[in-house]
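One structure is given below, encoded as structure tokens.
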Amino acid sequence: MNRRRLCCWCATIAGLLTPLAIGETIVLREGQTITAEVLRESAERVVVDLGYDVLSIPRRSIREIRADAPTTTQAAGHVQATDDLYSTADLPPQSVKPLAERFGEGVALVSSPNGLGSGFFITRQGHLITNFHVIEGERRLSVTIFQKAGDEFKRLKLEDVDIIATNSFLDLALLRVTLPDGYAPVITYLAAEEDLREGDPVFAIGNPLGLERSVSEGIVSRRGRAEQGLVYIQTTTQINPGNSGGPLFNLRGQIVGVTNMKILGGEGLAFAIPVRYVIDFLRNREAFTYNSESSEAGYRYLQPPPRRTPGRPSLLIGD
């Protein structure tokens, strides 16, 4: 197929898909556009869902990717972007395997000199959500992304990370990573409505104990477990240190919670922050803007220890 025929073919596809706009418009270097759902992105290519087939487009053939405003003609499965950094999507039910393959690249490893956790991308500009306790007391952060190239994953560590907002009570933090040229992260979608019920299947993707890109599956044990003034999702999904800040998905590929703790010594007793808290945090992120000089910045100021000997302290050398 020569270049001219390829361009005409792409233009024809774009024309057929325009009435079914689902949130992404790929502008080709020749000027043609394709409107479809982006399934996966890498440095080499972008894979889109045409509804009846999947198309793989070389990155060098793409000028830009735009998020379209939703329209009333959008079909089921459309992506709805918001002004609060997150997006929602009406996705069909699937099994864990294709969902983990589709959204796995949207989950990253968040690390500091004192520990590690997980996080997930919510914008193409590099915003991601994690737990507050993952970054508590830290300024030197790094985010490791896992970029798929063919059948392999390329591990890329990014060290230009800004803390945008934190909420210690909700145990949530918003970060922004400076992304390398040509890389656009896979975006994860928040559930627009909470329709979880006990027994619903869910799964987590994260980095437990540093075991990167691990997937674990379970069910919702209780959708509303009260603990210390908040309500959590209790799940049998296996959660361990390193999972903290990672996503808990339903079988539509929507994030329903942020994994953050488990009961030590128990099996299948894990908890996640409900997505409604995440949405509220993002909508009011300016109120939680990170300030390294604030008491909410994650630094704990402890009282000095009492003196063990009475009397006047000895003078320092040079006094």
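The values are calculated or read from the model by the stated rules, or taken from the named source; none is laboratory data. This is a predicted model, so every value here is computed, not measured. Heads up, the Cβs are rebuilt from the backbone with ideal geometry, glycines too, and the neighbour counts pull from every protein chain shown.
For segment 276-283, does any single residue satisfy the condition of being within 18 Å of the chain's Cα centre (by Cα), within 24 Å of LEU99 (Cα to Cα), part of a strand (DSSP E or B) and among the aromatic types (Phe, Trp, Tyr)?
no
Just checking, which of GLY224, GLY218, GLY245, GLY257 is at pLDDT below 95 and either assigned by TED's automatic domain parsing to the domain that holds ASN131 or assigned to a strand (DSSP E or B) (or both)?
Exactly one of GLY224, GLY218, GLY245, GLY257 is at pLDDT below 95 and either assigned by TED's automatic domain parsing to the domain that holds ASN131 or assigned to a strand (DSSP E or B) (or both), namely GLY224.
Tell me, which residue of segment 32-55 that is at pLDDT below 75 and more than 22 Å from the chain's Cα centre (by Cα) is nearest to LYS154 (Cα to Cα)?
So the residue we want is ASP53.
Would a scan of segment 73-82 turn up a residue that is modelled with pLDDT of 90 or more and not in a strand (DSSP E or B)?
Scanning segment 73-82, I find at least one residue that is modelled with pLDDT of 90 or more and not in a strand (DSSP E or B), so the answer is yes.
Of the residues LEU196, LEU251, which single one is in contact (Cβ under 8 Å) with a residue 60 or more places away in the chain and either at positive phi or under 17 Å from the mean Cα position of the chain (by Cα) (or both)?
Step by step, each of LEU196, LEU251 is checked, and only LEU251 is in contact (Cβ under 8 Å) with a residue 60 or more places away in the chain and either at positive phi or under 17 Å from the mean Cα position of the chain (by Cα) (or both).
Show the residue pairs that are 6+ apart or on different chains and have beta-carbon atoms under 7 Å apart, the first residue being within segment 127-139 and free of Cβ contacts under 8 Å to residues at least 60 places away in the same chain, the second being part of a loop (DSSP other than H, G, I, E, B).
Taking only residues 6 or more apart or on different chains, the pairs are HIS127/LEU85; LEU128/ILE122.
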